[in-house]
Amino acid sequence: MKKDIILSGVGGQGILSIATVIGRAVLDAGLRIKQAEVHGMSQRGGDVQSNLRISSDEVRSDLIPQGAADIVISLEPMEALRYLKWLAADGWIVTNTVPFKNIDNYPADDAIARELAARPHVVRIDAEAIAREAASPRSANMALLGAAAPFLELPVEKLEQGIRDIFARKGEQVVEQNLAAFRAGYAHAQKQIG
């Protein structure tokens, strides 16, 4: 098994929480992982990006070469486009549809939507709305992780255990809210991919 994943978004959206959940699930499944992340601008609303390289064999490098990512998971649609040159030809994009407009020249929503629609393998969800529907408005990142779960080749129960582990210190209610958002995102992705 080998899976190269790019996580992207804007500071404060919970990209590193997604990376931590995936990392726990990977280790719990007995696989190997290397991770590299850029989050120096995260406190200013800048882009946050993480490379996750998962394998049953040794992983030598923590950076994903251009054209090799199996999945780009993005909490911000323009950030999904930023990493297209890293995506493999048969790779998947799983992205939130809600923009975080933190720059003056942010592209028009319809231009971003057209660019994403031109790609062969895209799952687009309104992660914020899904999280709200699941009674967990602060868990959009877990809704997006749920939407990406069908493409990760990791057991769903391992991902759910990762969610339990990282949110346990915040109490059972927070754990259950994040699990509800994850499951709702998973259900939305299942509908889109048939």
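How many percent of DSSP beta bridges within the chain run antiparallel, rounded to 5?
About 55 percent, rounded to the nearest 5.
Of 1, 78, which has the most accessible area and how do the rest follow, probe 1.4 Å?
Accessible-area ranking of 1, 78, largest first: 1, 78.
Loop only per DSSP, at most 10 neighbouring Cβ atoms within 10 Å: give me the GluC sites (Glu not before Pro) in the range 30-134, ordered by residue number.
The qualifying sites are 58.
For the range 53-189, what is the accessible area per residue in Å², given a 1.4 Å probe and the full set of protein chains?
Per-residue value: 48 Å².
Efficiency by 1/(1 + (r/R0)^6): what FRET value for residue 174 and residue 121, r their Cβ-Cβ distance, R0 = 35 Å, to the nearest 0.05?
0.60
Give me the distance between the Cα centres of the range 87-132 and the range 139-168, rounded to whole Å.
Centre-to-centre (Cα) distance: 20 Å.
Considering the options 6, 77, 36, tell which one lies farthest towards the positive end of the dipole of the chain, charges being +1 on Lys and Arg and -1 on Asp and Glu at the Cβ, about the Cα centre.
Toward the positive end, the furthest listed residue is 36.
Going down the table (3/191; 101/191; 3/85; 2/158; 3/158), which pairs top 19 Å between alpha carbons?
Among 3/191; 101/191; 3/85; 2/158; 3/158, the Cα-Cα distance tops 19 Å for 3/191; 101/191.
The values are calculated or read from the model by the stated rules, or taken from the named source; none is laboratory data. Predicted model, so just to flag it, every value in this text is computed and none were measured. Note that we place each Cβ from the backbone using ideal geometry, even for glycine, and neighbour counts take in every protein chain shown. Each accessible area value is taken on the protein alone, full model and side chains, heavy atoms only, with ligands, DNA and RNA left out. Shrake-Rupley method; radii C 1.70, N 1.55, O 1.52, S 1.80 Å.
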